[in-house]
Structures are given as structure tokens and as C-alpha cells.
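Worksheet: one structure, shown below.
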Amino acid sequence: MTRLVVSELAKHFGGNRVLDRVSFSMRHGSLALVGPNGAGKTTLLNALAGVVRPSAGRIEFDDLDIAGLSTWKIARLGIVKTNQVVRPLHSLTVDEHLRVFTRGNDPVRRARALRATNLEEFREQTADQLPFGALKRLELAEAIVTGARLLLLDEPIGGLSRLEAEGIVETLRTLRAQGQAMIIVEHRLREILPFVDDVVALDRGRIIYDGPPSGFYADAAVRDAYIGRTDAGG
Ligand SMILES: Nc1ncnc2c1ncn2[C@@H]1O[C@H](COP(=O)(O)OP(=O)(O)OP(=O)(O)O)[C@@H](O)[C@H]1O
Ligand SMILES: [Mg+2]
């Protein structure tokens, strides 16, 4: 079991306070990180992954404070993030993409990532030939193939049809059952909340909810943050 404890994490961009003393911990293997547009979700994932440098605070992963370490160091410690906007390398095939993300040549691990994301049929196709749904699955496969202990997934089903989203949710459910730890940022709550252990909601850089999915919709602060601002129903 991985240990992640975030304490008093802050991030300012100039005078803009995007993360404001954020504290939470992963109690179980899967956590949904939700909140209205601009709440700071991607910034929080970026801070955990070393993509942005926190202004203050601690991020304890196992027994190490990883706040401010580089993406490379953090990836080597076992935390890898997917991107909200997919940016594939168009002339590379699916298999070549996965080679980029595995150290050395590990065909077994690549095959497993392809199978987990239903990408086997696209293996030899270049990214510019892939439908959007397959590109989203490739983004996930690139994270899986690293063998990371903690996956940070930024809107893994964003922009997908209901059917395509179901496929990815099934993949996530299977990974979860295999013990894969993950933090999932999503707006499509109806599809994600049913299978996560915990929910953390951000609004304007602050945590307004931290608890089980069962208590989420009834929470007064959650209702207040969502009403009229985004589609909380997915
Ligand atoms: N590199 C940056 N420089 C300046 N401001 C930034 C930067 N990155 C994010 N922000 C600001 O931080 C705030 C939070 O952005 P963030 O992308 O973390 O929100 P989000 O919760 O992921 O939103 P969404 O649901 O729309 O993806 C926004 O006001 C955004 O404009
Ligand atoms: Mg975002």
C-alpha cells in the first residue's frame, strides 16, 4: 500500500492563489479529485507529479517529502501522471509510444498495457491514424506501462462518448481490483464516483469535501460550489 500525505500545499501563480493550504491523505487505493472548472485540480496533480513546483507545503510519498522534486525523480519513485489534453507524437506507432515510456525493452510489460487498454488492434498504427477514444486509451497505457505505483489521471474519460467512457472505466476498475493506486480527476462524477473509495473536492484552491462518495451529493459546501457552475451529474 502506498502512502500519500499532502500537508498545507500551496501554489501561487503571481498573485493568483491556485492552491490554498491543501491537506489530505490517501486512505485507500482510489481517490476522485473533483471540483468546478478552474478549482485547481490539474495544478494539484501537477504539483504531485513535479510538473509544477509548490510554493509551500509537504507531499509525503512513503517516507519521503517529494514536494519540489523533478518529474523524473518523482516518476522513478513511482508517481506518473496522464495529461488532460492528449498530445501524441503523430508519426510514432502505439507500440513505439509505449517504448518511449519503458526503460529498456520490455515487451511483456508493453503487451500487458496494450491488453489492459484494449489497444492491441492498434499496436502498429501511427497516432495520427487513431480515433480520439484510442488516443485517450494510449494516454492511459503510457502511464500503466511505466509500472508506477500511483497513477494520477487527469480527466481520463473527458470528451469520450458514454460507450468509450465505459471501456476506460472498466479498465480502471480492473486496475483498481489488482491493487493499483490512483487519483482520478474527473467532471463526469456519475461514471467515476461509484468505484472510488474516497472523494476530495476542491473549490477555488481549497478543499471543501473529503470523505466517501456516499456523503458527497448531500454535502452543503459541495452543493453550493456546484450549483449553477457546472454539471455535477456528469
Ligand atoms: N501555469 C499557470 N500560470 C498561471 N495560472 C495558471 C497556470 N496554470 C493554472 N493556472 C490557473 O490556476 C487556476 C486553476 O487551474 P487548473 O487548471 O488547476 O484548474 P482545474 O481544476 O484543472 O480546471 P478544469 O476543470 O477546467 O481542468 C486557473 O485559474 C488557471 O487559470
Ligand atoms: Mg484541469
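The values are calculated or read from the model by the stated rules, or taken from the named source; none is laboratory data. Please read these numbers as outputs of a predicted model, since none were measured by experiment. With ideal geometry, Cβ positions are generated from the backbone for all residues, glycine too; neighbour counts draw on all protein chains shown. Please note that ligands, DNA and RNA were not included when accessible areas were found on the heavy atoms of the full protein model with its side chains. Shrake-Rupley method; radii C 1.70, N 1.55, O 1.52, S 1.80 Å.
For the range 2-61, divide the Cα radius of gyration by the Kirkwood radius and give the resulting Rg/Rh value with two decimals.
Taking Rg over the Kirkwood Rh, I get 0.95.
For the range 68-124, applying the loop criterion from DSSP together with a ceiling of 15 other beta carbons within 10 Å to the trypsin sites (Lys or Arg not before Pro) yields 103, 123.
Amide H contacts of residue 199: 32, 211, each under 5 Å away and 5 or more positions distant or on a separate chain (H built 1.01 Å from N in the peptide plane; Pro and chain starts excluded).
Residue separation times 0.36 nm, minus the C-alpha to C-alpha distance between residue 105 and residue 163: what's the value? Separation in residues times 0.36 nm, less the Cα-Cα distance, equals 17.5 nm.
Modelled label positions at residue 63 and residue 92, each set 7 Å beyond Cα in the direction of Cβ, lie 3.6 nm from each other. Fraction of C-alpha pairs exceeding 17 angstrom in the range 95-197: 49 percent, rounded to a whole number. Taking only the alpha carbons of the range 164-234, we obtain Rg and Dmax values of 12.8, 38 Å in that order.
Proximity of backbone amide H atoms, modeled 1.01 Å from N, is registered between residue 18 and 11, 12, 13 at under 5 Å, excluding neighbours fewer than 5 places apart on the same chain. A protection proxy built from the mean count of other Cβ atoms within 10 Å ranks the segments 28-41, 127-140, most packed first, as 28-41, 127-140. Across the range 4-226, the mean sequence separation of Cα contacts (distance under 8 Å, 6 or more residues apart), normalised by length, yields a relative contact order of 27 percent.
Direction-averaged projected area, Cα convex hull, the range 4-226: 12.1 nm², rounded to one decimal. Annotation: amide H of residue 52 within the under-5 Å range of 47, sequence separation 5 or more or interchain, hydrogens built in the peptide plane.
Within the range 79-222, antiparallel bridges make up roughly 45 percent of the DSSP beta bridges whose residues both belong there. Debye-formula intensities of the range 84-152, expressed as log10 I(q)/I(0) at q = 0.23 Å⁻¹, are -0.96 (one equal scatterer per alpha-carbon, no solvent).
Computed over protein heavy atoms with a 1.4 angstrom probe, the accessible surface ordering of 187, 97, largest first, is 187, 97.
Of all the options 198, 95, 62, the one that moves most in a Gaussian network model of the chain with Cα springs shorter than 10 angstrom is 62. Here the accessible area is traced with a 1.4 Å probe on the protein chains. For the range 1-87, carbon and sulfur cover 48 percent of it.
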